[in-house]
Amino acid sequence: MSKKNNRDQRNFNQAALDYHSVEPKGKIEVIPSKPHSSQRDLSLAYSPGVAIPCLEIERDPKLAYEYTGKGNLVAVISNGTAVLGLGDIGAEASKPVMEGKGLLFKIFADINVFDIEIDEKDPDKFIEIVKGIAPTFGGINLEDIKAPEAFYIEKRLKEELNIPLMHDDQHGTAIISAAALLNALEIAGKDIGEVKVVVNGAGAAAIACTKLYLELGLKKENVLMCDSKGVINTKRENLTPEKIDFIADTELSTLAEALVGADVFIGLSKADVMTAEMLLTMAENPVVFGLANPNPEIEYELAMKTRKDTIMATGRSDYPNQVNNVLGFPYIFRGALDVQATGINEAMKLAAVRAIADLAKEPVPEAVILAYNLKGLNFGREYFIPKPFDNRLITKVSKAVAKAAMDSGIAGKPIENFDDYENALLDRMGRDEKLLRMMQNRARSNPKRVTLGNAEEYNVLKAAQILYEEGIAQPILLGEKKYVQEQMKKYGIEIDVPIVDPMGEDQEENRVKYRETLWKLRQRKGMNEYKAKRYVRQRDYFGPLMLHHGDTDALIVGFSKNYSSTLKPILKVIEKEKGVDKISSMMMIMTEKKPLFFTDTSINQNPTSEDLVNIARMAEMTVKTFAIEPRIAMLSFENFAGISETSKKVAKAVSILHKDYPKMIVDGEIQPDFALNSDHLSDYPFSKLGTTPANVFVFPNLESANISYKIIRGLKVAQVVGPILMGLKKPVHVLQMRASVDEIVNLATIAVLDAQRREQG
């Protein structure tokens, strides 16, 4: 169990099953990429039109890349003989893993995947099956095939196929760990050609890693490889051909003996095989890679406590320097596919190594720093390999791999302009597609107390369970304690979190305190002491008063009431930010390419020009907290015409913004379809938006904003997060009625980030 979460294993196991079984079942699906609504569309897609590209491909097979999806399609293939740490569980049981690998290919590099599970353990028969289906694909990722068969299968297929192919268990780990090793040695002040390396584990990954280190300059005579029986030396018998390559002429026989004076330890074996005593025998500035999952060969805390000069990486996300294959394989295949490479050769792998290593030395974008809630990231002992959420990986690694393929002469379609290629990569993925994952990761780094109203509701309880188990927040349940406990038992939700009952005997002291506060706040606004005493027994007031007094860090309410009635008691307790006349709300729309922000969606029915100015300013500041550059479109049903009263109102707001806040990227009045389209924007060269589409949309009135986002929510064409309440001094947000579990989790995550920001000042 990670120290960063509170997962109950039984609950987590059930959640994993539920995740995979909800319709549509599994994790990937096939969707049409072309229009198919009319008879003409279908006649082009299939009969008779489909015959035309068939004949063209028959004439020239390379045209399959032009007329089919082959060029962006990878097969993830396994026989299930070495699945994760589960061993030989069979082809069919491996399918969830292969689908998961397909998911990673798609979300990190926009590569389509068919997962192929082959029920065949005979290597030669397996090879023939893969060869037979290879014409379908632009590339093949071999996965979870046991050694030594994995070596033989990959070697044969690379020789006999002319598309990119890689066994990620071997080469993925090798590439990422090699990048980390180069940088770790630089920090240690050591030369790879001089260091003594001990590799513990002699499976496919360990052997591939060691071979790649040799390509980078490591000397074979400086390597000691150990398996479960100890050092692979001249005394050992019955070794596989792969192990024979690493026989050392030495009397050393145990891992402990091998580590004496060693500069580097590479662990690809199992947890806790390395002791503190062993670590103490290593050379100055020892480089320790404990890559066993889920727990490393030596615990990170133990290693750092034992030797302050340890330079360490693990396979875990909750420690610095995670060696994660997702840093490599999506982008290696991306680059290889984009140049139609006939394979993945050593030059391409080395190019990926250098690109990943070099990226860690570059200044880290604010978005990455925010994702991990750090004050900064600088190349050094605690940061010598990029973070998985670094969006620069797709450009840096893919470009390096593509160029290496071209330089080594195996590119079928060379890239002519790498600047255009980089922009195409960014456009393909969207610059902010990982925002939600980054937000949750940032929240986990410093979780805050989030009070959830309507705690008796299933969606709220389930959201609380996720927030608690994943370490995103420290949930507090607000409601009638006995009833909440009954509901938790009914739904099988077992989490150790506080339940605050405004009517409970244990809250008497707080009721007195809160009553005095409420009366002081409202005594000159029509509230007497009796009313205050009565109101503090209601959760609608109790929750905001908890927040006011610092008894919680954030508040999420509104599941079962309409927005305005939920907001009213909040505004009676929580003050507005300095300079804010009217609060507003914003929805985050998570499209496939990037997030869009709609405001004001819930509060100001018919804002004035001055109101629109304030709404735009609050939206700008809020969007910046997500490390996104706000590009604001002030919407109307006209483009820069100013004819209607609505357009005149918006145009006046824009005029004020341009005059008072000249650095803001904002313009209008403009129609939303024009603001989203580069070609349309080019018709207005005077606009501050330029030709880059807007991502923040300020609507002229509440009706248009509310209807727009609810259409999107109803159609389920994009994930909707919010409403994000803007303009109050404390982190409080009001849910949409009957919000889903995910919507509650996402809004609570934003509340945590809001609380973190206020804590930092």
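Some observations on this one:
- Taking each residue as 0.36 nm, the span from residue 679 to residue 629 lengthens on full extension beyond its C-alpha to C-alpha distance by 15.9 nm.
- Summed over all non-identical Cα pairs, the Kirkwood treatment of the stretch 326-429 gives a radius of 14.1 Å.
- Rounded is the label for the stretch 193-304, because the ratio a/c of its alpha-carbon gyration tensor axes (a ≥ b ≥ c) stays below 1.5.
- In the chain, helices alone account for a calculated mean residue ellipticity at 222 nm of -13000 deg cm²/dmol, with every DSSP H run of four or more residues adding -39,500 (n - 2.57).
- Calculated FRET efficiency, residue 250 to residue 740, Cβ-Cβ distance, R0 = 51 Å: about 0.25 to the nearest 0.05.
- Which of 166, 528, 289, positive extreme of dipole for the chain (C-beta unit charges): 528
- Environment charge of residue 675, counting only residues whose C-beta is closer than 11 Å and scoring Lys/Arg +1, Asp/Glu -1: -2
- From most to least packed by mean Cβ count within 10 Å, the peptides 525-535, 381-391 give 381-391, 525-535.
- Note on the stretch 584-727: the C-alpha convex hull projects to 7.8 nm² when averaged across all orientations.
- Counted charge near residue 687, where neighbours are those whose Cβ lies closer than 12 Å (Asp, Glu -1; Lys, Arg +1): -1
- Virtual paramagnetic centre 7 Å along Cα→Cβ of residue 417, amide N under 19 Å, in the stretch 325-342: 338-339
- Checking the cross-link pairs 489/730; 229/270; 62/396; 190/361 against a 22 Å limit on the alpha carbon distance flags 489/730; 62/396 as lying beyond it.
- Cα long-axis angle, helix 168-188 against the chain (0 to 90 degrees, to the nearest 10): 80 degrees
- Spin-label zone in the stretch 245-277 - amide nitrogen under 20 Å from a point set 7 Å from the Cα of residue 308 along the C-beta vector: 276-277
- Angle between the chain longest axis and helix 204-215 axis [Cα atoms, degrees, rounded to 10]: 80 degrees
- Beta bridges assigned by DSSP with both partners in the chain are antiparallel in approximately 25 percent of cases.
- Here the spin labels are modelled as points 7 Å beyond Cα on the Cα-Cβ line, and at residue 378 and residue 58 they lie 6.7 nm apart.
- Each Lys and Arg Cβ is given +1 and each Asp and Glu Cβ -1; about its Cα centre, the chain then shows a dipole of about 3140 debye.
- Cα shape, the stretch 1-145, gyration tensor, a/c 1.5 rule: oblate
- Ratio Rg/Rh, restricted to the stretch 437-525 and using Cα atoms, in which Rh is the Kirkwood radius: 1.07
- Subtracting the Cα-Cα distance of residue 494 and residue 11 from their residue separation scaled by 0.36 nm leaves 173.1 nm.
- Label reach from residue 549 (point 7 Å along Cα→C-beta): in the stretch 509-533, amide nitrogens under 12 Å belong to 509-519.
- With Cα atoms, 0 to 90° folded angle of helix 149-160 axis to the chain main axis: 90 degrees
- Using a Förster distance of 51 Å, the FRET efficiency for residue 505-residue 424 (Cβ separation, nearest 0.05): 0.20
- Computed over all pairs of different Cα atoms, the Kirkwood value for the hydrodynamic radius of the stretch 164-252 is 13.6 Å.
Read-outs: derived from the displayed coordinates by stated rules, not from any lab. Computed from a predicted structure; not experimentally measured. With ideal geometry, Cβ positions are generated from the backbone for all residues, glycine too; neighbour counts draw on all protein chains shown.
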